[in-house]
Amino acid sequence: MLIALLKFSAQKAHAADHMDGHKKWIKQGFDDGVFLLAGSLQPGLGGGIMAHGISREGFEARLTEDPFVKADVVTTEVLEIDASMTDERLAFLRG
């Protein structure tokens, strides 16, 4: 399982200029079956995405296509979790 933290940069004020493209990019991630969750980091720090079924390299490459990343509105940090224990509802995430 991969988690990306998309933290606002000094260019945060430009987020509105790229919001439509960012939302389309997120929708494409769900349509492709890669994104499991997307949402805001509180309080107003940026966003987060959980992905599954993609390599870290593939996920990082996908992140570079996000209009927010391209415009330097956010910086990214990728966390990789090798889930060894889960609730049964998330059993598919176990390595």
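Every number here is computed from the coordinates shown, using simple stated rules; none is lab data. Bear in mind that the values here come from a model prediction, so they are computed numbers and not experimental data. Here the Cβ is made from the backbone with ideal geometry for all residues, glycine too, and neighbour counts use every protein chain on show.
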Query raised in the report: What is the diffusion coefficient of the range 14-95 in µm²/s, taking the Kirkwood radius over Cα pairs and the Stokes-Einstein relation at 25 °C with a viscosity of 0.890 mPa s?
Result: 178
Report task. Under a 10 Å cutoff between Cα atoms, tell me which one of Gly53, Gly44, Gly29 has the largest fluctuation in the Gaussian network model of the chain. Result -> Gly44
Query raised in the report: Relative contact order for the chain: what is it in percent, counting Cα pairs under 8 Å that are at least 6 residues apart?
Result: 43
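How much length is gained on full extension from Ala91 to His52, taking 0.36 nm per residue of separation minus their Cα-Cα distance? Working shown, then result.
Values: separation 39, 0.36 × 39 = 14.04 nm, distance 1.22 nm.
That pair, Ala91 and His52, stretches by 12.8 nm at full extension.
Let's see if you can work this out: charge +1 on each Lys and Arg Cβ, -1 on each Asp and Glu Cβ, no other charges. What is the dipole magnitude of the chain about its Cα centre, in debye to the nearest 20?
On the way: 10 positive and 14 negative charges, 43 e Å.
Rounded to the nearest 20 debye, it is 200 debye.
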**Report entry** Separation between Cα centres of the range 59-90 and the range 1-52, rounded to whole Å
**Finding:** 9
Report summary line: Listing His52, His18 by rising number of other beta-carbon atoms within 10 angstrom, fewest first, gives His52, His18
Query raised in the report: Between the helical axis of 15-31 and the dominant principal axis of the chain, each derived from Cα atoms, what acute angle in degrees is found, rounded to the nearest 10?
Result: 20
